[in-house]
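The structure appears below as structure tokens.
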Amino acid sequence: MKLRMFRVLEPWPDTDHYNRLSRKGFRPQRLDGCELVEKDGVSMAGTQGEHQYMPHQFRDDVRSEAACRITEKAIEDVVAGRIPKWEGTGNAWTTIILPDSVIFEYSIMDGEPGGKVGLETYRRALEAWRDFLADESCDERIVELPD
């Protein structure tokens, strides 16, 4: 399994308002995204599986290097045994970090179960996501994740 991270320009409709903005020098913002892909590069979006929730959590809640660092610190604290688990609620997801896994719950749907990934998979994906967010010159990056 791989994590594909990408940036795309926000689509602007062909309207007088957006055409005026363009003439004034404004440009659409670049949107950060990610998805899981199979080893052969085929997107796994829309397929079933608990892993699918991790990219959504990144896109919705881990939007900055600072958010990545906070989450990485939580992972360190759990792995080192300083705390038994860490729980954080963002914009759309509650993320629970345990010594061996990470659980995602829909915070906007009263804790409806989302999915679960192994801690090492999450740690590697989070590190790659942080590096991608920091590198504004990169429009796409694909990293291999442990299954």
Discussion item. Report every pair of residues separated by at least 6 positions or lying on different chains whose Cβ atoms are under 8 Å apart, first residue within segment 77-101 and over 17 Å from E120 (Cα atoms), second part of a strand (DSSP E or B) and aromatic (F, W, Y).
Written reply: A92/Y106; W93/F104; W93/Y106; T94/F104; T94/Y106
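Would you mind finding the one in A92, A66 that is of a type in the set (A, V, I, L, M) and closer than 22 Å to L36 by Cβ?
Working: A66 fails: closer than 22 Å to L36 by Cβ.
Exactly one residue qualifies, and that residue is A92.
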Practice prompt. Being open to solvent by 90 Å² or more (accessible area, probe 1.4 Å), outside any strand (DSSP E or B) and at pLDDT below 90 is the filter; apply it to segment 64-121 and report the residue that is nearest to K2 (Cα to Cα).
Written response: N91
Practice prompt. Name the single residue, out of those in segment 8-50 being open to solvent by 60 Å² or more (accessible area, probe 1.4 Å) and in a helix (DSSP H, G or I), that is modelled with the lowest pLDDT.
Written response: E50
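The values are calculated or read from the model by the stated rules, or taken from the named source; none is laboratory data. Bear in mind the structure is a predicted one, so any value in this text is a computation, not a measurement. Note that each Cβ is placed from the backbone with ideal geometry, even for glycine, and that neighbours are counted across all protein chains shown. Ligands, DNA and RNA are excluded from the accessible area calculation, which covers all protein heavy atoms including side chains. Shrake-Rupley method; radii C 1.70, N 1.55, O 1.52, S 1.80 Å.
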